[in-house]
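The values are calculated or read from the model by the stated rules, or taken from the named source; none is laboratory data. Everything quoted here is computed from the prediction, not taken from an experiment. Cβ atoms come from the backbone with ideal geometry, glycine included; neighbour counts cover every protein chain shown. Just so you know, the surface numbers come from the protein's heavy atoms only, side chains and all, with ligands and any DNA or RNA stripped out. Shrake-Rupley method; radii C 1.70, N 1.55, O 1.52, S 1.80 Å.
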Amino acid sequence: MKTLFGGILLAIGALIAGASGLCSLGVLIAGMSGGSFGSAIPMVLIFGGIPFAIGVGLIFAGRGLIREDDEDRH
């Protein structure tokens, strides 16, 4: 059961981190084309960094649950 829940957390975390990372990259590229690259960085860190950090946290939590279940089986 831990492996299933860990896999679900891993998948959700990858989707969240991937989507927010791609969106943040798009905003940075758009900021570079407008010439205001410096002003785009704080906005990207606030609005894109928080969901990215949550996604990465879910990935690590899922990996931890999967590894814990593997250790319990042996």
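The number of residues in the range 22-70 being within 24 Å of residue 5 (Cβ to Cβ) and modelled with pLDDT of 85 or more comes to 20.
For the range 21-42, the condition holds for no residue, the condition being that it is open to solvent by less than 50 Å² (accessible area, probe 1.4 Å) and part of a loop (DSSP other than H, G, I, E, B). Among the residues of the range 43-74, those identified as open to solvent by 40 Å² or more (accessible area, probe 1.4 Å) and among the acidic types (Asp, Glu) are 68, 70, 71, 72.
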